[in-house]
Amino acid sequence: MKKRLPMIILAVVVIGAGYYFYKQSQQSELSNDPRFASGNGRLEATEVSIASKLAGRIEKIMVDEGDFITAGQQLALMQTNVLRAQLAQAEAQRNQAEKNELSSRAQIQVRYSELEAAKATVLQKESKLDGASKSYERFKKLFKADATTQQKLEDAETAYLAAKADLLQAQASVKEAEAAIEVAKAGAEAAKATIQAAAADIARIQADIDDSLLVAPREGRIQYRIAQPGEVLSAGGRVLNLVDLTDVYMTFFLPEEAAGKVRIGSEVRLLLDAIPGYPVPAKVSYVASVAQFTPKTVETRSEREKLMFRVKARIAPELLKKYITLVKTGIPGVAWVKLDGDAEWPAFLQIKKLAK
């Protein structure tokens, strides 16, 4: 058995090497087929930073790196003791303002009653003045005719002047009551404005408290814990990095003659280094309108020295969800694009079922 082991290992190596060169020859043949084009790239995914809206200290983090999370799931909590104190203060201000408004409304009713009473008194004083005025005029005529005494004339005059003074005082009371009504109305309006301002503060502070609980905006996987509980962050400070594994794509570059034939929705097969025997179906979701020198991340030097068009091939979310636990980003591979919609994919790019 020991003598046969080297032969078995040699056979495995030969078979593996043969399979590798076979695949390479297939890809080399396909590279010369004008109905297809290819480019090197790496799997990427949309990344989302989970950040604190306000400055503050991290109370706790409920997830770890590598955790799969769902949309709306609670991820982290910022301390809210200061915000809750501000909320209590704003609520107290609102409650006091509501009491002040009720008091002012009650004062308005009282002042209106006083105004009605003052107006009734004016009517009485006007009637009294009218009588005193007529009596005074009558005594003046009688005095000229020597039909009354000086004393009675003076008494009539005094009564007239007193009635006139009483009317002026009653009219002043009406004006005072009207002024008091305006003051009470102003107090009620001021209290109402205070209530509205306090309500706005309460809504703002409550929104800040709600925002202190960081939740997942979408499903995905936690890639990094950027901060830790107890750390103090500035406004917008990042706590976690989330990768959306339902939005995975490969960016690659094609020369002008190939890019000009690519359309949005064109079929793509991604051959990943990690699973070379299982082509991943994708579709073109973006084609650049301007050529560029390709970045250093492109695998081959010859491609980096050319003006190329950036193309993005996106994997269907339904497929990603089916194999969500197997999805990884950063994996290099080759993207094959079908330039001719009627062309058939060669055997090595046919879709195979991948075990979960």
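Quick notes on this one:
- Residue within region 103-125 that is part of a helix (DSSP H, G or I), surrounded by 15 or more Cβ atoms within 10 Å (Cβ to Cβ), in the same structural domain as ALA191 (by TED's automatic domain parsing) and under 35 Å from the mean Cα position of the chain (by Cα) present: no
- Residues that are in contact with a strand residue (DSSP E or B) (Cβ under 6 Å, 6 or more places away or on another chain) and buried (at least 17 other Cβ atoms within 10 Å of the Cβ) within region 226-236 comprise just one, ALA227.
- Cross-chain or 6+ apart pairs with Cβ under 7 Å, region 144-160 first and under 22 Å from LEU129 (Cβ atoms) and in the same structural domain as SER127 (by TED's automatic domain parsing), then surrounded by fewer than 16 Cβ atoms within 10 Å (Cβ to Cβ) and of a type in the set (Lys, Arg): LEU153/LYS140
- Candidate set from region 197-220 (those that are of a type outside the set (A, V, I, L, M, F, W, C) and under 15 Å from the mean Cα position of the chain (by Cα)); member that is farthest from GLU101 (Cα to Cα): ARG218
- Taken as a whole, region 46-55 holds no residue that is in contact (Cβ under 8 Å) with a residue 40 or more places away in the chain and outside the structural domain of VAL232 (by TED's automatic domain parsing).
- Of all residues assigned to region 69-91, at least one qualifies as being closer than 30 Å to GLU182 by Cβ and either outside the structural domain of LYS306 (by TED's automatic domain parsing) or of a type in the set (Gly, Ala, Ser) (or both).
- Single residue of LYS321, LYS352, LYS296, LYS356 found to be within 34 Å of the chain's Cα centre (by Cα) and either in a helix (DSSP H, G or I) or at pLDDT below 90 (or both): LYS321
- Residue pairs meeting the criteria (Cβ under 7 Å; at least 6 apart or on separate chains; first touching a residue at least 60 places away in the same chain (Cβ under 8 Å), in region 248-259; second surrounded by fewer than 24 Cβ atoms within 10 Å (Cβ to Cβ) and in a helix (DSSP H, G or I)): VAL248/LEU320; PHE253/GLU303
- Spans of strands (runs of 3 or more DSSP E) in region 196-264 with at least 1 residues under 23 Å from TYR286 (Cα atoms): 220-225, 238-254
- Pick from region 248-285, criterion more than 21 Å from THR46 (Cα to Cα) and among the hydrophobic types (A, V, I, L, M, F, W, C), ranking: surrounded by the fewest Cβ atoms within 10 Å (Cβ to Cβ): ILE275
- Number of the exception - LEU242 against (1) over 21 Å from the mean Cα position of the chain (by Cα); (2) within 30 Å of LYS322 (Cβ to Cβ); (3) at pLDDT 95 or above: (1)
The values are calculated or read from the model by the stated rules, or taken from the named source; none is laboratory data. The shown structure was predicted, so the numbers you read here are calculated from the model rather than taken from an experiment. Positions of Cβ are backbone-derived with ideal geometry, glycine not excepted, and every protein chain shown enters the neighbour counts.
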